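Peer 1: Can you read through this structure? Questions will come right after.
The values are calculated or read from the model by the stated rules, or taken from the named source; none is laboratory data. Computed from a predicted model, the values in this text were never measured in an experiment. Every residue, glycine as well, gets a Cβ built from its backbone with ideal geometry; the counts of neighbours run over all protein chains shown. Just so you know, the surface numbers come from the protein's heavy atoms only, side chains and all, with ligands and any DNA or RNA stripped out. Shrake-Rupley method; radii C 1.70, N 1.55, O 1.52, S 1.80 Å.
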Amino acid sequence: MRTLSLRSFATVLAAVALLCVATPALAGNVDKPLPFHGEFTTPAGPPPEPTITCETGIPSAGEGTGHASHLGAFTFRAEWCMNLPVTEVGFTTVVAANGDELYNTWTSEAEFAPDGSMHFTNYFTFTGGTGRFENATGHVVATGVAYPDGSSTASWEGTLAYDASDRRKG
């Protein structure tokens, strides 16, 4: 049976310690998932022109504002492919109060109400961004209502993991 010398053991121990310290840096300094919640709205009126190309469905776009934990006040632009019955697949760029961007992809389910409004549930997956959100991950669910005049309101609940080493950034 082979035994480790004290020097070999110390070298292995140092390598393991270095790996434990370096792993968060290699992973992009993403902290543990934090609770995420907020609200967003879109204004009444015609939507912006979409730039998305859809294999199936109707290219659609929306812009709005909101407020959320870890973001503060934000603006967003979303683009999606709407299929009937109402299901959607899209992506969103959210711009935090300090300019950092948070990216996500999402799917949606919706039902029309007799008054012409559409009640929806969106399932978001955070896919990174810029600044402190560079390696962001997480999942949130948004529930809301889109009205016939083009406006909408929704709320988000879920988790977000990002480099929160300086939470005063935004």
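Peer 1: Within the stretch 58-80, can you find the residues that are under 19 Å from T130 (Cα atoms), open to solvent by less than 30 Å² (accessible area, probe 1.4 Å), touching an Asp or Glu at 6+ places or on another chain (Cβ under 9 Å) and not aliphatic (A, V, I, L, M)?
Peer 2: G66, F76
Residues are listed down the side, and each one gets a yes or a no for (1) within 17 Å of the chain's Cα centre (by Cα); (2) over 20 Å from V140 (Cβ atoms); (3) modelled with pLDDT of 80 or more:
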| site | (1), (2), (3) |
| --- | --- |
| A22 | no, yes, no |
| P35 | yes, no, yes |
| P50 | no, yes, yes |
| C54 | no, yes, yes |
| G62 | yes, no, yes |
| L84 | no, yes, no |
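Peer 1: State the number of residues belonging to the stretch 37-51 that are open to solvent by less than 90 Å² (accessible area, probe 1.4 Å) and farther than 19 Å from Y123 by Cα.
Peer 2: The qualifying residues number 5.
Peer 1: Go through the stretch 103-143 residue by residue and tally those that are open to solvent by less than 20 Å² (accessible area, probe 1.4 Å), part of a strand (DSSP E or B) and touching a residue at least 60 places away in the same chain (Cβ under 8 Å).
Peer 2: Residues flagged as open to solvent by less than 20 Å² (accessible area, probe 1.4 Å), part of a strand (DSSP E or B) and touching a residue at least 60 places away in the same chain (Cβ under 8 Å) within the stretch 103-143 amount to 3.
Peer 1: Scan the stretch 70-77 and give yes if some residue there is of a type in the set (S, T, N, Q) and out of contact with any Phe, Trp or Tyr (no Cβ under 6 Å at 6 or more places or on another chain), otherwise no.
Peer 2: yes
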